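Just below is one structure, and these are the notes that go with it.
The values are calculated or read from the model by the stated rules, or taken from the named source; none is laboratory data. The shown structure was predicted, so the numbers you read here are calculated from the model rather than taken from an experiment. Note that each Cβ is placed from the backbone with ideal geometry, even for glycine, and that neighbours are counted across all protein chains shown.
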Amino acid sequence: MIEVLLFFLILLLVALFSRRIDNLPLSPQLIFILAGIITGWLFTGNLDVKQAPLSTTILLIAEVALVLLLFTEASQVKIGDLKTNHLPRRLLSIGFIYTMVLGISLAALIFSNLNFWEAAIIGVVLTPTDASLGEVILKNNKIPEKIREALEVESGLKDGFSVPFLLVFISVGLAEEFFSSATYFVEIALAQVGLGILVGILVGYTVSKLVIKSKSHGWISPEYQRLAYLALALLCFLLAHEIGGSGFVAAFVGGLTTAYVTRDAGKALLDFAEAEGQFLNLTVFYILGIIIAGLIPSITGEIILYAILSLTVIRMLPVILSLMGSEVNWHSALFIGWFGPRGLASIVLTLIALETVDVFPGQDTFILAVFITVFFSVVAHGITAVPLSRLYLEKIQGKP
């Protein structure tokens, strides 16, 4: 109970001084992850993320947070922007594949105790980026719009793109673990993805049309419009789960469908994301801090090496390669490459993998690699966001 009390006390303090914190090299996520570490040291001790009923509670909070993140970010994507700004297309095609392949390759090379599919799970889990950790950049209107747009769209879509790969890699890994046919498990994973897409399209389209109809008749207030989209996101997730589909794919596709059908869903959900969604986000980072407190004695040189490579080479090299031949200069390519922080999606995808696979040999390495990378990212990107933005603006002088 003391952990919950401390969380709300810290939340109150951060809220009271939020504007002052915006001017410091500290993100709210960094504050809560550090608070979680201190809480873990002083009160909690080792927190086993797979111990019931604790694991169920943590997973529920994390899943709801990811569902809202997937739906909200997808619903804010402007389809027209993808046509006019080719940078997100490059980052989400060449950049996405190269990042995943490089992450998998280096994980397999560095962690000798992992089989290939366990390394693949690490690589795909650490591929998504979290725009909320670079919020100060996205809100800085001095940074060229197409650069901010590229970072935001990439973050909004990458986590949704990663889920199908995670499901397939887990399926093949399970087949190898139990000496079974990989085809059977992969077919199940693809069926989950297919059902998720179907549910996302059907529910997203139907509910969006109902909201439009209700709004045209003046039947729905702005507050309840936000609740309607919140219900839509969770309906996609729960309905897909009930029929054997991927709830996360459904939430993501539901958000994209909603963005296509109606143009005000993104604004309505953005209002939600800035308050209630942020609460869930910070809760997950606080829990992560408590978990990390118990992991610190187990950190090895290989874990630190991979975390550093994940934030630098694994992220930046694919971005630079994907942007070659575009109109952006080297300063912009490096800026985009550096600001690909790992956050909420990586945390939740890790918990999902642990929930799906009861036990696998490289579990401890997997948890350490992902969570320590996220921790390093929160620290490094939180501290460098403001000074590197200033340096970037000096270098480009309005010409990205």
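Would you please list the contacts, defined by Cβ atoms under 7 Å and residues six or more apart or on different chains, that run from a residue in the range 241-262 that is of a type in the set (Gly, Ala, Ser) and surrounded by fewer than 23 Cβ atoms within 10 Å (Cβ to Cβ) to a residue that is in a helix (DSSP H, G or I) and at pLDDT 90 or above?
That search, which allows pairs on different chains as well, returns GLY244/LEU195.
Would you check which residues across the range 289-301 are buried (at least 16 other Cβ atoms within 10 Å of the Cβ) and out of contact with any Leu (no Cβ under 7 Å at 6 or more places or on another chain) and list them?
ILE292, ALA293, listed by residue number.
Check off (1) crowded, with 21+ Cβ neighbours inside 10 Å; (2) in a helix (DSSP H, G or I) for THR127 and give me the number that stays unchecked.
(2) is the only condition that THR127 fails.
Residue-by-condition table, conditions (1) without any contact (Cβ under 8 Å) to a residue 40 or more places away in the chain; (2) touching a strand residue (DSSP E or B) at 6+ places or on another chain (Cβ under 8 Å); (3) among the hydrophobic types (A, V, I, L, M, F, W, C); (4) closer than 26 Å to VAL328 by Cβ:
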site: LEU87; (1), (2), (3), (4): no, no, yes, yes
site: TYR98; (1), (2), (3), (4): no, no, no, yes
site: LEU114; (1), (2), (3), (4): no, no, yes, no
site: ILE122; (1), (2), (3), (4): no, no, yes, no
site: ASP130; (1), (2), (3), (4): no, no, no, yes
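Check ILE304, ILE320, ILE383 and return the single one that is surrounded by fewer than 20 Cβ atoms within 10 Å (Cβ to Cβ), of a type outside the set (Ser, Thr, Tyr) and within 17 Å of TYR98 (Cα to Cα).
Among ILE304, ILE320, ILE383, only ILE320 is surrounded by fewer than 20 Cβ atoms within 10 Å (Cβ to Cβ), of a type outside the set (Ser, Thr, Tyr) and within 17 Å of TYR98 (Cα to Cα).
If I ask for residues that are aliphatic (A, V, I, L, M) and either part of a loop (DSSP other than H, G, I, E, B) or touching a Pro at 6+ places or on another chain (Cβ under 8 Å) (or both), which ones from the range 132-145 would you list?
Correct list: LEU133, ILE143.
Determine the pairs where a residue that is touching a residue at least 12 places away in the same chain (Cβ under 8 Å) and within 21 Å of VAL14 (Cα to Cα), located within the range 283-299, has a partner that is surrounded by fewer than 19 Cβ atoms within 10 Å (Cβ to Cβ) and β-branched (Val, Ile, Thr) with Cβ atoms under 8 Å apart, the partner being 6 or more residues away or on another chain.
Pairs found: THR283/ILE61; VAL284/ILE61; ILE287/ILE61; GLY289/ILE38; ILE290/THR44.
Being part of a helix (DSSP H, G or I), more than 27 Å from VAL379 (Cβ to Cβ) and modelled with pLDDT of 85 or more narrows it down to one residue among PHE169, PHE161; which is it?
Only one candidate passes the filter, namely PHE169.
Considering only residues that are free of Cβ contacts under 8 Å to residues at least 40 places away in the same chain and either touching a helix residue (DSSP H, G or I) at 6+ places or on another chain (Cβ under 8 Å) or in a helix (DSSP H, G or I) (or both), which ones fall in the range 350-396?
GLN363, ARG390, LEU391, GLU394 - these are the residues of the range 350-396 that are free of Cβ contacts under 8 Å to residues at least 40 places away in the same chain and either touching a helix residue (DSSP H, G or I) at 6+ places or on another chain (Cβ under 8 Å) or in a helix (DSSP H, G or I) (or both).
Could you check, for the range 342-356, whether at least one of its residues is among the acidic types (Asp, Glu), over 25 Å from GLY95 (Cβ atoms), surrounded by fewer than 17 Cβ atoms within 10 Å (Cβ to Cβ) and at pLDDT below 90?
Yes - at least one qualifying residue is present in the range 342-356.
If I ask for residues that are in a loop (DSSP other than H, G, I, E, B) and closer than 30 Å to LEU5 by Cα, which ones from the range 287-328 would you list?
ILE299
Assess whether PHE111 counts as being surrounded by 24 or more Cβ atoms within 10 Å (Cβ to Cβ) and among the aromatic types (Phe, Trp, Tyr).
Against the criterion (surrounded by 24 or more Cβ atoms within 10 Å (Cβ to Cβ) and among the aromatic types (Phe, Trp, Tyr)), PHE111 does not qualify.
Inspect the range 386-399 for any residue being under 18 Å from the mean Cα position of the chain (by Cα) and not aromatic (Phe, Trp, Tyr) and give the result as yes or no.
No, every residue in the range 386-399 fails to be under 18 Å from the mean Cα position of the chain (by Cα) and not aromatic (Phe, Trp, Tyr).
Scan the range 216-262 residue by residue and report those that are part of a loop (DSSP other than H, G, I, E, B) and touching a Cys at 6+ places or on another chain (Cβ under 9 Å).
Those that are part of a loop (DSSP other than H, G, I, E, B) and touching a Cys at 6+ places or on another chain (Cβ under 9 Å): none in the range 216-262.
Pick from GLY200, GLY194: which is surrounded by fewer than 23 Cβ atoms within 10 Å (Cβ to Cβ), out of contact with any strand residue (DSSP E or B) (no Cβ under 9 Å at 6 or more places or on another chain) and touching a residue at least 40 places away in the same chain (Cβ under 8 Å)?
The match here is GLY194.
So which helices (runs of 4 or more DSSP H) are wholly in the range 1-45 and hold at least 1 residues that are modelled with pLDDT of 85 or more and either aliphatic (A, V, I, L, M) or surrounded by fewer than 17 Cβ atoms within 10 Å (Cβ to Cβ) (or both)?
2-16, 28-39
Assess whether ILE97 counts as being surrounded by fewer than 17 Cβ atoms within 10 Å (Cβ to Cβ), under 18 Å from VAL163 (Cα atoms), aliphatic (A, V, I, L, M) and at pLDDT 90 or above.
Considered against the rule, which asks whether it is surrounded by fewer than 17 Cβ atoms within 10 Å (Cβ to Cβ), under 18 Å from VAL163 (Cα atoms), aliphatic (A, V, I, L, M) and at pLDDT 90 or above, ILE97 comes out as yes.
For the range 181-215, which residues satisfy the criterion of being of a type outside the set (Phe, Trp, Tyr), modelled with pLDDT under 85, farther than 16 Å from VAL253 by Cα and part of a helix (DSSP H, G or I)?
ALA182, THR183, VAL186, GLU187, ILE188, ALA189
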